[in-house]
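As structure tokens, the structure follows; a few thoughts come after it.
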Amino acid sequence: MDGFFLPEHTSALSDDVNKVTYMSDLSLEKKLLLLSQVYAGQLHTRIHLIDKNKRVSYTGTIPSLNKDFILIKTTTAHINLKLKDILSIELVEEVLYESA
């Protein structure tokens with residue numbers, strides 16, 4: 001069996017693209033630092049995390065945080081999130097809060 005069978009390779013690449021990676025390169029200390037800055041400035045942020053094996057995101061402000069959890073205030077609710085589940089943290093502009 002010489003050669004390379006292209007359809008099998010293409011299928012394998014396609015499978016890899018569809019996999020969701022749940023790893024975060026943010027250490028707990030880095031998450032706390034970033035979230036403390038967001039909290040202190042009451043800045044709007046988007047938090048991406050894993051919840052029940054699905055990647056979800058919440059956008060809002062952080063009225064409370066400690067070494068294990070944050071409370072994020074969205075336009076519809078207050079949600080308690082585990083720091084260890086957070087994948088990424090990004091600042092967002094307030095213009096994202098549009099009425100439906």
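Just a few scattered comments:
- Within the same chain, lysines fewer than 8 places from residue 54 are excluded, and of the rest, those with a Cα less than 21 Å from its Cα are 19, 31, 73, 82, 84.
- Assuming charge only on the beta carbon of Lys and Arg (+1) and of Asp and Glu (-1), the dipole of the range 24-94 about its Cα centre is about 260 debye to the nearest 20.
- Selected from 92, 62, 44, residue furthest toward positive end of dipole (the range 24-94; charges at beta carbon): 62
Taken together, the values in this text are just the output of simple stated rules run on the coordinates, not laboratory data. Given the structure is predicted, the values throughout are model-derived calculations rather than measurements. Cβ coordinates were reconstructed from backbone atoms using ideal geometry, including for glycine residues, and neighbour counts include every protein chain displayed.
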